[in-house]
1. What do you get when you divide the Cα radius of gyration of region 392-508 by 2.2 N^0.38 Å, with N the number of residues?
2. Quick check on the chain: of the DSSP beta bridges with both residues there, what percent are antiparallel, nearest 5%?
3. Which translational diffusion coefficient, to the nearest whole µm²/s, is obtained for region 147-237 from the Stokes-Einstein equation, given a Kirkwood hydrodynamic radius over C-alpha pairs, 10 °C and 1.306 mPa s?
4. Please work out the C-alpha center-to-center distance from region 355-392 to region 502-537 and express it in whole Å.
5. Restricted to Cα positions, what overall size does region 328-408 have along the principal axes? Three whole-Å values, descending.
6. Mind sorting out which of (1) 1.03; (2) 1.06; (3) 1.10 is the real Rg/Rh (Cα atoms, Kirkwood Rh) computed from the coordinates?
7. Apply the Debye scattering formula to region 444-586, with a single equal point scatterer on each alpha-carbon and no solvent, then give log10 I(q)/I(0) at q = 0.14, 0.16 Å⁻¹.
8. When you have a sec, figure out the Kirkwood radius of region 44-95 from all distinct Cα pair distances and drop it here in Å to one decimal?
Amino acid sequence: MNLFTDFEVRIKNALEQIDIVREKRSELDFGRVGVEPPRDASHGDVATNAAMVLSKPLGTNPRALAEIIVAKLKEDADVADVSVAGPGFINIRLSVGYWQRLLATMISEGGKFGRSKLGEGQKVNVEYVSANPTGPMHVGHCRGAVVGDALANLLGFAGYDVTKEYYINDAGSQIDVLARSVFIRYREALGEQVGEIPPGLYPGDYLVPVGEALAREFGTKLRGMTEEQWLPIVKDRAIDAMMAMIREDLDALNVHHDVFFSERTLHANGAALIRTAINDLTFKGYVYKGALPPPKGQMPEDWEDREQTLFRSTEVGDDIDRPLIKSDGSYTYFAADVAYFKNKFDRGFNEMIYILGADHGGYVKRLEAVARGVSEGAAKLTVLLCQLVKLYRNGEPVKMSKRSGDFVTLREVVDEVGRDSVRFMMLYRKNSEPLDFDFAKVTEQSKDNPVFYVQYAHARCMSVFRQAKEAFPDLDIAALDLSKAVLGAISDPAELQLVAKIAEFPRIVEAAAQSQEPHRIAFYLYDLASSFHGHWNKGKDLPELRFVNDKNRELSIARLGLVYAVASVLKSGLGITGTAAPDEMR
């Protein structure tokens with residue numbers, strides 16, 4: 001149950017009963033009427049802008065209209081107090097009985113509380129990570145992996161039908177470089193002295209096992225072949241080995257995709273999928289023969305000073321038209337992007353989300369243009385860019401990895417601080433903002449470490465149930481109807497404040513899903529944990545507020561219901577972030 005949706009309905013029903021509103025109802029846009037928490041919690045529990053947005057079309061003063069609305073809302077039994085603030089904002093304070101019934105609903109719904117039908121089962125494809133299969137994943141990949149995975153979890157929680165997808169960039173010059181790098185390690189495994197890895201190849205030690213595996217499988221056979229003969233063999237083995245390593249890295253981060261789509265699929269059978277995509281754009285009038293002017297700034301790899309086959313992308317929002325086929329007849333990398341988008345669209349996805357690194361900012365407009373051209377406006381494409389992650393240890397920059405050769409690997413970070421710390425902290429900053437990740441801070445057990453603080457709140461909730469069992473050994477908590485126990489019993493202002501914080505969860509979920517900002521969930525969880533810890537600490541000074549009171553069994557059971565609601569939302573929220581909800585922390 002969404003408290004704010006409930007009162008939005010009530011307020012609109014109240015408006016319908018006001019004479020001046022009924023007279024001009026066809027001219028009014030109720031969609032602009034919003035209900036949200038007041039900026040200052042001391043003003044009330046919910047606030048509405050109804051009078052502010054409707055006064056002008058009604059030809060009346062906002063505050064005067066607000067007074068009329070207030071009089072109507074006072075008739076609602078669940079409204080304890082309602083008042084007008086400033087030029088016409090309306091603040092509402094809810095009755096104790098309403099909060100108790102809402103808490104009972106939270107308990108009854110348990111892990112389902114906060115789930116939404118917002119998405120209405122709409123299919124959404126979230127593509128993230130999509131690292132080149134040329135080596136281990138680094139910290140930059142890590143942030144995109146977490147943001148994409150958490151966003152997919154969030155959208156699923158909000159009622160969308162989500163597919164998590166990984167695009168394997170296994171066609172292109174970088175794969176040839178990988179194969180040649182592996183071949184050197186293969187020769188090394190056969191006993192050759194290969195010396196320094198030549199410039200332009202991948203120097204990391206992670207390729208040593210791949211070369212050794214080739215030596216075991218082929219012996220000296222590959223060494224007797226020409227490059228034209230051994231290159232495709234080594235490429236296949238190298239890609240398989242790299243993808244196995246990438247999958248292991250992702251698993252360590254608790255990231256799992258539904259689909260791994262190979263770029264080579266687009267180039268199979270004479271690049272049939274690419275040809276079909278270009279033919280489709282041609283039929284729609286978006287393809288022509290022409291020459292592009294030299295671009296300003298850095299020259300892109302696919303620019304040629306001669307006639308090419310071009311996508312008329314400027315007609316669908318791009319800055320320049322884009323080459324599809326080079327003058328030598330080969331397809332550009334962009335042509336594969338077009339074919340890949342069409343493949344997704346043909347699979348039934350009308351909404352596609354791409355999670356890319358900040359260095360791909362130049363791709364945004366061209367990908368959006370592809371979506372408009374291929375789907376003729378029927379599909380929505382969103383690109384979310386993840387800014388850089390800087391690693392520190394006690395404030396000092398972390399040095400590069402020996403294993404990778406030139407960067408710190410994702411696996412090294414996860415192995416040192418744990419997947420939960422990595423995942424939560426990667427979400428504890430908006431993806432469009434740079435992130436500083438300090439190994440020391442994310443492992444300390446304090447309020448300043450968000451992941452510890454939130455997980456500790458859940459563990460504390462579980463400890464309350466253990467304390468209750470100790471206080472009342474005959475208590476069968478599993479058999480208790482906690483939803484009924486809270487009715488009439490949870491009434492202390494501090495307890496009701498905690499209920500109000502839990503009640504924000506459905507609104508946060510929908511807002512985060514609509515804005516595609518999973519970091520909002522992490523922020524909310526920290527706030528909820530802070531509210532819970534604060535109430536716990538009050539119990540130290542005021543024994544009457546403690547969750548378990550061995551002198552009052554019924555009140556203790558009711559308060560177990562409150563704790564259960566907190567724990568359920570913490571667990572659901574941590575599940576969205578892909579982080580564990582521990583029962584104990586030592």
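What follows is calculated from the coordinates using simple rules that are stated; it is not laboratory data. Note that the structure is predicted; figures quoted are calculated from it, not measured. All Cβ positions, glycine included, derive from the backbone under ideal geometry; neighbour counts span all protein chains shown.
1. 1.54
2. 50
3. In µm²/s, the coefficient rounds to 103.
4. A separation of 27 Å, based on Cα centres.
5. Its Cα atoms span 52, 33, 22 Å along the three principal axes.
6. Among (1) 1.03; (2) 1.06; (3) 1.10, the one calculated here is (2).
7. -0.66, -0.85
8. About 10.8 Å, per the Kirkwood formula over Cα pairs.
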